[in-house]
1. Let me check I've understood the local charge: for Val222, count other residues with C-beta under 15 angstrom from its C-beta, Lys and Arg +1, Asp and Glu -1. What total comes out?
2. Just need the Rg to Rh number for region 6-238, please, alpha carbons only, Kirkwood Rh.
3. Test of understanding: in a Gaussian network model of the chain with alpha carbons linked when under 10 Å, which of Leu127, Leu91, Leu103 would top the mean-square fluctuation ranking?
4. Pick out, from Asn16, Gly197, Thr101, the residue whose Cα sits farthest towards the positive end of the charge dipole of the chain, with +1 on the Cβ of Lys and Arg and -1 on the Cβ of Asp and Glu.
5. Measure nothing but the geometry: give the 0 to 90° angle between the long axis through the Cα atoms of 21-38 and the longest principal axis through the Cα atoms of the chain, rounded to 10°.
6. Residues in region 150-167, backbone N under 12 Å from the label point at Asp51 (7 Å along the Cα-to-beta-carbon vector): list them, ranges by number please.
7. Relative to the longest principal axis of the C-alpha atoms of the chain, give the angle of the C-alpha long axis of helix 181-194, reported between 0 and 90° and rounded to the nearest 10°.
8. Under the rule of at least 5 residues apart or a separate chain, name every residue whose amide H is placed under 5 Å from the amide H of Glu200.
Amino acid sequence: MIYDHTQFEKDLSFFNIELKEDQKEQFNRFYELLTEWNSFMNLTAITEWDDVLKKHFLDSLSAVRVLDEIRFRKWNVIDVGTGAGFPGIPLKIVFPDLRLTLLDSLQKRLDFLDEVVRQLGLKDVELVHGRAEDLARSPQMREHYDLCVSRAVANLSTLSELCIPFVKKGGVFLSYKSEKSVQEAEAAKSAVFLLGGRLEKQDTFQLPDSDMTRTLFVIRKVQETSKKYPRKAGVPGKQPL
Ligand code: SAM
């Protein structure tokens, strides 16, 4: 297949991102693996090249709008509920100095990601299987990360309880949400506060050359999270703070 990056490159220029040839090849191979594995396991409903570029790759990279430092910091990043690798893998391709942990509760998705990491030759990527509620209590992972990212996993109150415990004091939890989530954010205010976070920035925008709207919430960790959180697996979803 011949891959056309013209539009992708144009869209990325809005984020001041320029791809090298080897990064383009990594995106091509990631797309091939995604569609190949998607034929026998449920990874994504989006499979056309142009749609994957926009709705998965470009969307994942939109983080630079609110976190410009990601371009030059060797951050420890965790992607909670990464699924088929979004937003973690596109961020790692474009910013190879990041040290990335991909966490998911479904082993099959991690098997796919293991293959992606191997075939793309990505370094400093760790795959972790389990529920965020359990892993955020492990001494190796709790308050260990400069940045936690998460897309399409839970409402913002629940997600804050899954994600903020992983972030070190001074670090950031970045949540990829839809425009409709502005009310969700209002409801999540007390949860964010209880977990030691503060909503620092909120950015609603349209992805370049598309009708897709995205809202990014930047939550800064200002205090250690109380040992009470996260509660037992399943509780943050059933009884959001
Ligand atoms: N982030 C990806 C994306 O945007 O395409 C995947 C989104 S998918 C809808 C949600 C993913 O979160 C699934 O792969 C699921 O297994 C994972 N997940 C849900 N709850 C989780 C939890 N408590 N701990 C770890 N992973 C979880």
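1. On the way: positive: Lys168, Lys169, Lys189, Arg198, Lys201, Arg220, Lys221; negative: Glu143, Asp146, Glu200, Glu224.
Here the charged neighbours net out to +3.
2. Numbers: Rg = 16.7 Å, Rh = 17.8 Å.
Result: Rg/Rh = 0.94.
3. Among Leu127, Leu91, Leu103, the largest mean-square fluctuation in the Gaussian network model of the chain belongs to Leu127.
4. It is Gly197, whose Cα lies furthest towards the positive end.
5. 70 degrees
6. none
7. Computed tilt is about 50 degrees.
8. Val218, Ile219, Arg220
Each reported figure results from applying straightforward, stated rules to the coordinates on display, with no laboratory input. Here the structure is a predicted model, which is why all the values come from computation and not from measurement. A quick note on method: Cβ atoms are made from the backbone with ideal geometry, for glycine too, and the neighbour counts reach across all protein chains shown.
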